[in-house]
Amino acid sequence: MPFNSHNIDVFEIKPRFKLISQLPTEEIFNRIRQALPQQQNVEGEVKGTHVFLSINKNKIHYWSPYMEVVIEQQVDDASKSFVRCLIGPKQSVWVMLMLMYIAIGVTSFFGGMYGFAKMNLGITSSFLWFIPAGILLFFVVYFTSKYGQKKGRDQMLYLVSFLYHAIDDDNIERL
């Protein structure tokens, strides 16, 4: 089953997808554990119901993706498994981007509010420029993150391909 590569024009910050496998949960974990040592470009760790996949350290760059896979037994049918996948940048990059969005939003809001308050009092204020500057900075950060997503796209597809090949279920269904 081909992977929908999540077009760049879709407003999606952290791509995610869900699968239903005909295999039991433990079988999927075992297959991933067996496939990891055979793979040179992917590193992984299995913790509880989670599998954390990333690109090998010697091929990693700043925008390299990180994939979290949650595998749970399906409630309706114990022989099937529910696989949820979330792909995003490393946590440090993700936190940095969120802090930038928060800082820009808070500064623009309070700076603009102060500028409007002064304007209502009849005083000219350059604080009103915080609003357009904030909007501009918001788009700069957004397009920078989209650039990073595009730069890490091939590695993201590689991680997804690894997951599909490791599970190796002909009847896997994408939701």
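Taken about its Cα centre, the range 1-144 carries a charge dipole of about 360 debye when Lys and Arg each add +1 at the Cβ and Asp and Glu each add -1 at the Cβ.
Using alpha carbons only, how many degrees (0 to 90, rounded to 10) separate the axis of helix 91-120 from the longest principal axis of the chain? Here the helix axis deviates by roughly 20 degrees. When all alpha carbon pairs of the range 94-147 are counted in 5 Å bins from zero, the resulting P(r) reads 5, 22, 24, 19, 12, 9, 6, 3, 1 %.
Separation of the alpha carbons by more than 27 angstrom is noted, of Lys18/Lys90; Lys14/Lys57; Lys18/Lys151; Lys118/Lys146; Lys80/Lys151, for Lys118/Lys146; Lys80/Lys151. Were the residues from Asp170 through Gln39 laid out at 0.36 nm apart, the gain over their Cα-Cα distance would be 45.1 nm.
Axis angle, to the nearest 10 degrees, between helix 130-151 and the longest C-alpha principal axis of the chain: 20 degrees. Across the range 1-143, C-alpha contacts under 8 Å between residues 6 or more apart give a mean separation that, scaled by the residue count, equals a relative contact order of 20 percent.
Sorted ascending by nearby beta carbons within 10 Å, beginning with the fewest, Trp94, Trp63 become Trp94, Trp63. Mean residue ellipticity, 222 nm, helices only, the chain: the sum of -39500 (n - 2.57) across DSSP H runs of n ≥ 4, divided by residue count and rounded to 500, is -16000 deg cm²/dmol.
Where a number appears in this text, it was derived from the coordinates with a stated rule and is not lab data. Because the structure is predicted, anything quoted here is derived from the model rather than measured. As a convention, Cβ positions derive from the backbone with ideal geometry for all residues, glycine included, and neighbour counts pool all protein chains shown.
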